[in-house]
Amino acid sequence: MFKRCLLISLRNPEALLMATITPFFLMLLFGTVFGNIADVGSLNYIDFIVPGIIMQSLGQASQHSAMNVATDMTKGIIDRFRSMSISKSAVLIGHTGAGVVRNTISSTVIIITAFVLGFRPHSGFVDWLIVAALLILVNIAISLLAVLCGLISKSPEGSSGLMFPLFILPFISSGFAPTDTMSGGIRWFAEIQPMTPIIDSIRALTLGLPLGNSLWIAFAWCIATIIIAFSAAAQVYKHRLS
């Protein structure tokens, strides 16, 4: 099932193009245009926004996972799977794995583009291993949410719309501006939502900044999301089959 879902992605060049070109232009736009007006203290704005761009691109790229799941549920292929010796979780895991691969490609494109634009991390090998582990957990969590949205949607187009909040959340976080520069309810929401500790952790690990407890909060959010999203997706899938 994982191989099948990867082949679906390879046969959809538009999706692969969006997963690579969109992060590139976002990094280029924010790094060159908004870098002169943002107040991030002594930090280079390119260094500051890399985690936020990564999270934003993951939300955008995961829309394709949701659409692929919704297509499977509406085009009749699931009925064929039911007649075969395939576990119910295989369909969910296959789509999740393919989503992780697409999201990893997007993250890699962003990091390469950031280096070209002047991104200069101050981290060691162990720090990068922790960043990689965190990004893998984030990818799995977001891909499972995409699978869940694809299952509950009535159409592929509708599933893409359900994933739109994940595209917006990084903008209302510490991804593009420090939360202490925000005011009122926006600052409160930015500080409690899951994107902020994830972004803060990646930024601290790559730039050698104080980490605090953001990393443990980020891991907790990811693990909780994975458990809840997979359980909900399994129940919805079982209900749709019945």
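The values are calculated or read from the model by the stated rules, or taken from the named source; none is laboratory data. Everything numeric in this text was worked out from a predicted model, so none of it was measured. Note: ideal-geometry Cβ built from the backbone for every residue, glycine included; neighbour counts use all protein chains shown. Areas reflect the complete protein model, heavy atoms only, side chains present, ligands, DNA and RNA absent. Shrake-Rupley method; radii C 1.70, N 1.55, O 1.52, S 1.80 Å.
Things to note:
- Residue count for segment 59-79 satisfying the condition of being closer than 12 Å to L145 by Cβ and either buried (at least 24 other Cβ atoms within 10 Å of the Cβ) or hydrophobic (A, V, I, L, M, F, W, C) (or both): 5.
- As for segment 198-206, it holds at least one residue that is within 30 Å of S153 (Cα to Cα) and touching a residue at least 12 places away in the same chain (Cβ under 8 Å).
So that you can scan it fast, the table gives a plain yes or no per residue for (1) more than 30 Å from M73 (Cβ to Cβ); (2) not in a helix (DSSP H, G or I):
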| residue | (1), (2) |
| --- | --- |
| A177 | yes, yes |
| I186 | yes, no |
| D200 | yes, no |
| L215 | yes, no |
| S231 | no, no |
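- Qualifying helices (runs of 4 or more DSSP H) (wholly inside segment 1-109; at least 2 residues being under 29 Å from A232 (Cβ atoms) and either at pLDDT 85 or above or touching a Pro at 6+ places or on another chain (Cβ under 8 Å) (or both)): 2-10, 45-75
- Considering residues of segment 73-124 that are in contact (Cβ under 8 Å) with a residue 40 or more places away in the chain and among the charged types (D, E, K, R) only, the residue nearest to V50 (Cα to Cα): R120
Rundown of residues vs (1) surrounded by 15 or more Cβ atoms within 10 Å (Cβ to Cβ); (2) assigned to a loop (DSSP other than H, G, I, E, B); (3) touching a Phe, Trp or Tyr at 6+ places or on another chain (Cβ under 8 Å); (4) of a type outside the set (D, E, K, R), yes/no style:
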| residue | (1), (2), (3), (4) |
| --- | --- |
| S174 | yes, yes, no, yes |
| G212 | no, yes, no, yes |
| F219 | yes, no, no, yes |
| I227 | no, no, no, yes |
| R240 | no, no, no, no |
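- The requirement of being open to solvent by less than 10 Å² (accessible area, probe 1.4 Å), part of a helix (DSSP H, G or I) and over 26 Å from N68 (Cβ atoms) is satisfied by A114.
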